[in-house]
Amino acid sequence: MFQDLSFSLEQGSALVVTGANGIGKSSLLRTLAGLVPLAEGTIRLEDGEPEKLPQEQAHYFGHQDAVKPALSVLENLDFWQSFAAPSVHESFSGSSLQPLAALETLGIGHTALLPAAYLSAGQKRRLSLARLLVTPRPVWLMDEPTSALDKASEQQLLGLMNDHLAAGGLIVTATHTELALNTINVLHLEAPDPADQVPEEALL
Amino acid sequence: MAFWDYANPTRFLKLVQVLLPWLVGLCVATFAIGLYMAFFTAPEDYQQGDTIRIMYIHVPSAWLCMMCYTVMSISSIGTLVWKHPLADVSAKSAAPIGAAFTFMALVTGSLWGKPMWGTYWEWDARMTSVLVLLIMYLGLMALWRTMDDPIKAGKAAAVLTLVGALNLPIIKFSVDWWNTLHQPASVVRLDGPTIHSSQLWPLLVMALAFTLLFFVLHLMAMRNEVLRRRVRALRMRAASVSRPATASASAQPAE
Amino acid sequence: MTGWAMALFRRDLRLSVRIGGSAIVGVLFFLAVVTVFPFGVGPDLNLLARIGPAILWIGALLATLLGLDRLFQADREDGTLDLMLMAGRPLELVVLIKCLAHWLSTGLPLVVAAPLFSVFLNLDPVAMAAVTATLLVGTPALTLIGAIGASLTVSLRRGGLLLAVLVVPLTVPILIFGVSSADAAIHDPVPFMTPFLILCALTLIAAVVGPIASAAALRFAAD
């Protein structure tokens, strides 16, 4: 999928991945999340917990909300809090919120006891985002984080992302819109020159 | 050059190019000898008469339907452990061949069963296990066909193949148990080791011929599969070439 | 049980109780299969008593297979499966717990319904107890083996039929020993315990092989 791709990211900084449609921004995030196997190369998280894989210290916030409509909002969030293993260590001081507090922070506290089926798309999105707040993990992988969010929620999200960076976390995000983050690195993906492609004989 | 280097698809294709004519020749020659022996030099059985000659097709097919599954299991380990694309190609192309041999073993077995047991089908332990094996081959082929992505399909099929390899002895054991419960020992069994050498030799030659046939078919099927995947990769590349969208549509002449 | 495992178990149970009443549909299907058999073979009560355990077992096998295709598919469709892979919990255990919850909500109702349905098949009390006992021990194995098929076909939109084709050959031993031990209790060709203990052994083997193979297949299906 990718050739000659290499980057490193400092603690407390964000990487914004840009590029045309279909260039592989989502694939890059899914690779970092350990969901797509690497053909070759490595992903390392320095100063992380050595006995854990990088993806076990990362949150993936993708297009799908992973919200079960049959469960109440609080049950959804409670499950992820107990199920996803937290990952804290000395260089990352991220604190975790209690589920109710996280819902309040995101402005959907009043829905806590309702089945998630009654949430709007934006509310579901925020419920999904609440996952990142209840389990501390240093790396956030966010694929189009602002989609389905209105302006106010977007500002709030940016605030949360900046808080995460300030606590020593990392963010890798793919986006089309400008994000006002404190420390930004940009990775622009481009289609390779046809001349650089794998020769036809080596294809399988 | 290490053996592993032949696992490069391009080298593999070159190797097949060289090897295949020789293998085909050898296979044809062995078949000629084996069939001649089976039809003319091997004696009739004093009980079964000429029907014993079915054995020369039946036993090698039955042997190959097991060997083919072994090849697939080894290839599956190659797919899962070394993640080698050719291992996956090998497993995929072996499945239809294995299914064909299994089918042949069943058909010849039931044709042989008619004069011997008086019925085309007997729920005998061996035939039942082979029938289950046939269903597993066909299921694997169906799994390969339903998945679009060959890599994913290969991995899924590899998992199933290995589970099947673990399960086959258990199935055989349970079918044997079931058979002894339900079946009075009425089936006439051909006991392998006591077979006379005038029948054994044709059988061995035929077994060799069938084994060669398997390798010929397997190599050809693997070559086709490599080429098929190359075509697929080229098509995907052709679709993914990014051209900037042109804003002005050229006017099409009206017909 | 540690916290995360309990949370997963309770979530899966809640979901299966709240969505669609899969337990009831499974039991209804079981009833339908048991009902059509007499129409096929005729209402001969002696014959039905003789093949009754087999009918109940085949009904339970089919009903189990019917409910299995959603085991992982629902979680894959809404992205939950991706997050489970990243959760830092052993996937084999996750599969085992999901199977346990699934069996409790779909397999156990079949076991409970079996004595009732065996009345239709003219089984005597001993046979009734024997069939129920074998189903209790054997249906978890069906779920665990079926989980392999469910994870192999997780990415297919209509994988249900393929799942059955892939899984049925693997369940042949379970069926053989399940029916054998029920038969053994009725008209003892062998002591009941011999096939019954083998059935228990098969279930334990399935509890090891099923989650391992299924977890491997789920990892490969992620990308």
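The values are calculated or read from the model by the stated rules, or taken from the named source; none is laboratory data. Note that the structure is a prediction, hence the values are computed from the model and not measured. Here the Cβ is made from the backbone with ideal geometry for all residues, glycine too, and neighbour counts use every protein chain on show. Side chains included, ligands, DNA and RNA excluded: accessible areas come from the protein's heavy atoms. Shrake-Rupley method; radii C 1.70, N 1.55, O 1.52, S 1.80 Å.
Over the range A:14-190, what is the mean sequence separation of C-alpha contacts under 8 Å (at least six apart), divided by residue count, expressed as relative contact order in percent?
Working: 277 pairs, mean separation 65.5, N = 177.
Relative contact order comes out at 37 percent.
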### Query
What residue among C:ILE205, C:ILE51, C:ILE19 shows peak mean-square fluctuation when chain C is described by a Gaussian network model with Cα springs under 10 Å?
C:ILE19
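Can you list which of the DSSP-assigned H helices in chain C have a Cα extent of 18 Å or more along the long axis and an average Kyte-Doolittle score of at least -0.5?
Numbers: long enough: C:3-18 (22 Å, 0.02); C:22-41 (29 Å, 2.41); C:45-68 (34 Å, 1.77); C:108-120 (20 Å, 2.25); C:125-152 (40 Å, 1.68); C:172-186 (21 Å, 1.79); C:193-221 (40 Å, 1.90).
Membrane-span-like by this rule: C:3-18, C:22-41, C:45-68, C:108-120, C:125-152, C:172-186, C:193-221.
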### Task
Take the range C:16-86, drop everything but the C-alpha atoms, weight them equally and run the Debye formula without solvent; then report log10 I(q)/I(0) at 0.22, 0.28 Å⁻¹ to two decimals.
-0.94, -1.18
### Query
Based on DSSP H runs of at least 4 residues, each adding -39500 (n - 2.57), what is the mean residue ellipticity at 222 nm of the protein assembly as shown after dividing by all its residues, to the nearest 500 deg cm²/dmol?
-21000 deg cm²/dmol
### Message
How shielded is C:85-96 by partner chains, expressed as the average number of their Cβ atoms within 10 Å of its Cβ atoms?
### Response
4
### Task
Sketch the reach of a paramagnetic label on C:ALA32 as a point 7 Å from Cα along Cα-to-Cβ, and name the residues of the range C:47-89 whose backbone nitrogen lies under 20 Å away.
C:55-71
### Message
Roughly how far apart, in whole Å, are the Cα centres of the range C:172-196 and the range A:106-178?
### Response
57 Å
#### Entry: Overall dimensions of chain A by Cα: Rg and Dmax, Å
17.9, 60
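Any idea of the accessible area per residue across the range A:145-193, 1.4 Å probe, to the nearest Å²? Don't skip to the answer; put the middle values down first.
Working: 2460 Å² over 49 residues.
Value returned for the range A:145-193: 50 Å² of accessible area per residue.
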### Query
Using the heavy atoms of the protein chains alone and a 1.4 angstrom probe, what is the accessible area of chain B per residue in square angstrom?
55 Å²
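Could you state, as a whole-number percent, how many of the C-alpha pairs of chain B are farther apart than 23 Å?
Working: 19794 of 32385 pairs.
Value for chain B (Cα pairs over 23 Å): 61 percent.
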### Message
Can you tell me the length gained on complete extension of the stretch A:LYS52 to A:SER96, counting 0.36 nm per residue apart and subtracting the Cα distance?
### Response
13.9 nm
### Query
So how much accessible surface do B and A hide from each other in total, probe 1.4 Å, in square angstrom to the nearest 100?
900 Å²
#### Entry: Rg and Dmax [Cα atoms of the protein assembly as shown; Å; Rg one decimal, Dmax integer]
29.9, 94
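Report the calculated FRET efficiency for B:ALA29 and A:ALA39 (r = Cβ-Cβ distance, R0 = 51 Å), to the nearest 0.05. Don't skip to the end; give the middle numbers.
Values: r = 44 Å, r/R0 = 0.86.
For R0 = 51 Å, the calculated efficiency reads 0.70.
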## Note on the structure
The long-range amide H neighbours of A:LEU187, using H built 1.01 Å from N in the peptide plane and a cut-off of under 5 Å, are A:VAL16, A:VAL17, A:THR18
### Query
By average Cβ neighbour count within 10 Å, what is the ranking of B:33-40, A:130-137, B:128-135 from highest down?
A:130-137, B:128-135, B:33-40
### Message
Springs between alpha-carbon pairs under 10 angstrom, Gaussian network model over chain C: which of C:LEU47, C:LEU142, C:LEU91 fluctuates most?
### Response
C:LEU47
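Can you tell me the length gained on complete extension of the stretch C:LEU62 to C:THR194, counting 0.36 nm per residue apart and subtracting the Cα distance? It would help to have the intermediate numbers written out before the result.
Numbers: separation 132, 0.36 × 132 = 47.52 nm, distance 2.55 nm.
Taking 0.36 nm per residue and subtracting the Cα distance, the gain is 45.0 nm.
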### Query
Name the residues of the range C:1-48 whose accessible area, probed at 1.4 Å, falls by at least 10 Å² once all protein chains are in place instead of their chain on its own?
C:TRP4, C:ALA7, C:LEU8, C:ARG11, C:ARG14, C:LEU15, C:ARG18, C:ILE19
### Message
Please compute the modelled spin-label separation between B:ASP45 and C:ASP44, points set 7 Å along Cα→Cβ, answer in nm with one decimal.
### Response
3.4 nm
### Task
Compare the peptides C:75-81, A:84-90, A:36-42, C:172-178 by average per-residue count of other Cβ atoms within 10 angstrom and give them in order, highest first.
C:172-178, C:75-81, A:84-90, A:36-42
### Message
Looking at chain C as a GNM with Cα springs under 10 Å, which of C:ARG70, C:ARG158, C:ARG50 has the largest mean-square fluctuation?
### Response
C:ARG158
#### Entry: Across A:LYS52/A:LYS124; A:LYS68/B:LYS92; A:LYS124/B:LYS152; B:LYS92/C:LYS98; A:LYS52/B:LYS83; A:LYS25/B:LYS155, pairs whose alpha-carbon gap is larger than 27 Å
A:LYS52/A:LYS124; A:LYS68/B:LYS92; A:LYS124/B:LYS152; B:LYS92/C:LYS98
### Query
Roughly how big is the C-A contact, given as buried accessible area in Å² (both sides, 1.4 Å probe, nearest 100)?
2300 Å²
### Within straight-line cross-link reach of B:LYS114, lysines at Cα separation under 25 Å, skipping those fewer than 8 residues along the same chain
B:LYS172
## Note on the structure
Binned at 10 Å starting from 0, the alpha-carbon pair-distance distribution of the range C:95-223 in whole percents comes out as 13, 38, 32, 13, 3, 0
#### Entry: P(r) of chain C over all Cα-Cα pairs, binned every 5 Å from zero, in whole percent
1, 7, 15, 18, 19, 15, 11, 7, 4, 2, 1, 0
### Query
Measuring from label point to label point, each 7 Å out along Cα→Cβ, what is the B:THR211 to C:LEU136 span in nm?
5.2 nm
### Query
How much of the accessible area of the protein assembly as shown, in percent, comes from carbon and sulfur atoms when a 1.4 Å probe is used?
64 percent
### Query
Do you know which residues of the range A:47-92 lose at least 50 square angstrom of accessible area in the protein assembly compared with their chain on its own, with a 1.4 angstrom probe?
A:GLN64, A:ALA66, A:LYS68, A:ALA70, A:LEU71, A:GLU75, A:PHE79, A:TRP80, A:SER82, A:PHE83
